[in-house]
Structures are given as structure tokens and as C-alpha cells.
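Below is one structure, written out as C-alpha cells; comments come after it.
The values are calculated or read from the model by the stated rules, or taken from the named source; none is laboratory data. Bear in mind the structure is a predicted one, so any value in this text is a computation, not a measurement. All Cβ positions, glycine included, derive from the backbone under ideal geometry; neighbour counts span all protein chains shown. Accessible surface is based on the protein model in full, side chains and every heavy atom, while ligands, DNA and RNA are left aside. Shrake-Rupley method; radii C 1.70, N 1.55, O 1.52, S 1.80 Å.
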Amino acid sequence: RYAVIDFVFVYGLIYKTRDYCTYFLRLTVFLPPCYNRRMTTRRIIRISYFTMLTIVGGLIKIPVPAFPDMMFTLQTTFVIMSGLLLGARDGMTAQIAYMLLGLVGVPIFTQGGGFSYVFQPSFGYILGFPFGAFLAGKLKSKFRTLSVIKLYFCAFFGNLLIYAIGVPYQFFIIWLYLGRGALAAAATLITLPFMFIIDSIILYLVCLIYPRINTFIGIADPPFEKKTKNKTETGAADEMNID
């Protein structure tokens, strides 16, 4: 197991992940079997892969032209993708591994790492990652067939749950722990609706290419709904055949 996962993740990764890859491998190998003894090497690799994608997503910072002081990341996108592609439990495990890695001191969070990071306003969103991934995967498992709209429904509510946990956490940390006052705490939430809209748009784009991603990874999923012709087109075709 160690040989396979070490080959996949240690070689060819971005430079910032290389230094703490040992901690990453140890945690993601021993964490999943805690809840399922039938955990296979393939599942461990997939879970570890999405843990690493979450790390990489936090390191990629995209500036927003309308708000110069605000940086946008792809982290939430990878979190929801872990739930959709891996399922509820494995997606949640990937995000728990990410959170624990940061809390034990590995600097994978946006502003570092360590247990003291729980007092950062943004930690509420990290706390919501496992629940968002779990909800997205759980909702998807309820469908017998899949479509872009159904996938986006799962992704949207998984993302909404992350914000539902992160926004109150951010507000109360700034207000009560940092002592900046309720008005100052509320002022920091102004850009969040804009961020939520961006996340929602990117998630929809991901849902559009989901079948290709799923085929590439090789995960068994319910079949996609086939597009059916409307009645007018069918009727016109029948008339042409009769003539």
C-alpha cells in the first residue's frame, strides 16, 4: 500500500505538497480503515487523491477583479467533487483527513496550520467540508438515474451546507473571540454572496463534464438519463415515414 500511494503522490506533485507528503500518506492510510475494514487499496488511493486535490485547491488563489482584496480558490469545488465521485462516506473521509492534517501542524490551510487555526474565522468552512461532501454524496445516492440537473442539485445543497456552517462560525469568531464588534463582523460577510454565486457557477460547469470525469476515474455510477425527442419532432418524423 505504501509503495503504491507513495508512487502516486510523492512524485510529480506541486512543490509545496512534497515536504509534508509523509504525514499525508500515513494519515490517509490509517484513517479510512477505522470505519471500514474492507477498505481496498483503490479506495484509499482515491480518498488520498481528493485529500490532495483539496490541498491544491486551497493553494490556487484567483484574484477577483471586482474585489481586489478578495481571493477565490477552487477548494470548495474539489470538496463537493469528492462527495459526488467517491460517495458520502469516502468523500467525508477525504475531507476529515484534510482537516486533521492541518490541525496537527501541517501548513496546508490558507494561512498555515496547527490546532490554533480553529480560532481563525475561515476555519468554519473547513469544518463544513466533511459535511458538505457527505451531503452531496448522500443526495446523489438517492437517485436511480443521473442528469446534470440532479447532480447540480446535490452539489448546490452540499455547498450551501458548507456556507451554513462557515458563515456563523466566521461571524462569531470575529465578534466574540477577536472582539471587533458585531458590525465589523457583519461587514466581513458582504462578499460571501458573491463567492457563493461563483462557487455555484463552477459547480454547474463541473456537473456538465461529470460523465467524462467519472469515466476517467472509473467509478460505477447510476446511468445518465438519455435525452428524448419531444412529441412534435417525433410526430413530424412519423408523418415523413408515412408519406
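Which of the numbered conditions does residue 98 fail, given that it passes all the others? Conditions: (1) open to solvent by 50 Å² or more (accessible area, probe 1.4 Å); (2) touching a helix residue (DSSP H, G or I) at 6+ places or on another chain (Cβ under 8 Å); (3) of a type in the set (Ser, Thr, Tyr).
Answer for residue 98: the failing condition is (1).
Which of the following residues is open to solvent by 20 Å² or more (accessible area, probe 1.4 Å), over 28 Å from residue 191 (Cβ atoms), modelled with pLDDT under 75 and in contact with a helix residue (DSSP H, G or I) (Cβ under 9 Å, 6 or more places away or on another chain): 31, 86?
Details: 86 fails: modelled with pLDDT under 75.
Just a single option satisfies the conditions, and that option is 31.
Residues in the stretch 34-58 that are of a type in the set (Ser, Thr, Tyr), at pLDDT 80 or above and open to solvent by 10 Å² or more (accessible area, probe 1.4 Å): how many?
So the first thing to find is which residues in the stretch 34-58 are of a type in the set (Ser, Thr, Tyr), and the list is 35, 40-41, 48-49, 51, 54.
Narrowing the set further to residues that are at pLDDT 80 or above leaves 41, 48-49, 51, 54.
Keeping just the survivors that are open to solvent by 10 Å² or more (accessible area, probe 1.4 Å) gives 41, 49.
Qualifying residue count for the region: 2.
One line per residue, one yes/no per condition, for (1) within 21 Å of residue 96 (Cβ to Cβ); (2) at pLDDT below 90; (3) of a type in the set (Asp, Glu):
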position: 139; (1), (2), (3): yes, no, no
position: 142; (1), (2), (3): no, no, no
position: 149; (1), (2), (3): no, no, no
position: 152; (1), (2), (3): no, no, no
position: 161; (1), (2), (3): yes, no, no
position: 180; (1), (2), (3): no, yes, no
position: 196; (1), (2), (3): no, no, no
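Results for (1) part of a helix (DSSP H, G or I); (2) under 12 Å from the mean Cα position of the chain (by Cα), shown as yes or no for each residue.
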site	(1), (2)
43	yes, no
48	yes, no
53	yes, yes
56	yes, yes
72	no, no
94	yes, yes
117	yes, no
130	yes, yes
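Give the residue, chosen from 190, 173, 162, that is over 28 Å from residue 92 (Cβ atoms) and of a type in the set (Val, Ile, Thr).
Working: 173 fails: over 28 Å from residue 92 (Cβ atoms); 162 fails: over 28 Å from residue 92 (Cβ atoms).
After ruling out the rest, the residue left standing is 190.
Residue 173 is checked against (1) of a type outside the set (Phe, Trp, Tyr); (2) within 25 Å of residue 86 (Cα to Cα); (3) modelled with pLDDT of 90 or more and fails just one. What number does that condition carry?
All conditions are met except number (2).
Filter the stretch 129-173 down to the residues that are of a type in the set (Ser, Thr, Tyr) and more than 19 Å from residue 54 (Cβ to Cβ) and list them by number. Explain how you work it out, then say what you get.
The first filter runs over the stretch 129-173 and keeps only residues of a type in the set (Ser, Thr, Tyr), leaving 141, 145, 147, 152, 163, 169.
Residues satisfying the conditions are 141, 145, 147, 152.
Which numbered condition trips up residue 170, out of (1) exposed (fewer than 15 other Cβ atoms within 10 Å of the Cβ); (2) closer than 22 Å to residue 73 by Cβ; (3) over 16 Å from the mean Cα position of the chain (by Cα); (4) not hydroxyl-bearing (Ser, Thr, Tyr)?
(1)
Being surrounded by 18 or more Cβ atoms within 10 Å (Cβ to Cβ) and assigned to a helix (DSSP H, G or I) is the filter here; which residues of the stretch 139-151 pass it?
Restricting attention to the stretch 139-151, the residues satisfying the condition of being surrounded by 18 or more Cβ atoms within 10 Å (Cβ to Cβ) are 139-140, 146, 150-151.
139, 140, 150, 151, listed by residue number.
Would you tally the residues in the stretch 183-229 being more than 13 Å from residue 151 (Cα to Cα), without any contact (Cβ under 8 Å) to a residue 40 or more places away in the chain and not β-branched (Val, Ile, Thr)?
The qualifying residues number 16.
Can you tell me how many residues within the stretch 175-185 are open to solvent by 50 Å² or more (accessible area, probe 1.4 Å) and hydrophobic (A, V, I, L, M, F, W, C)? Spell out the reasoning first.
Residues of the stretch 175-185 open to solvent by 50 Å² or more (accessible area, probe 1.4 Å): 175-180, 183.
Imposing the further condition that a residue be hydrophobic (A, V, I, L, M, F, W, C) reduces the set to 175-176, 178, 183.
Summing the residues that are open to solvent by 50 Å² or more (accessible area, probe 1.4 Å) and hydrophobic (A, V, I, L, M, F, W, C) in the stretch 175-185 gives 4.
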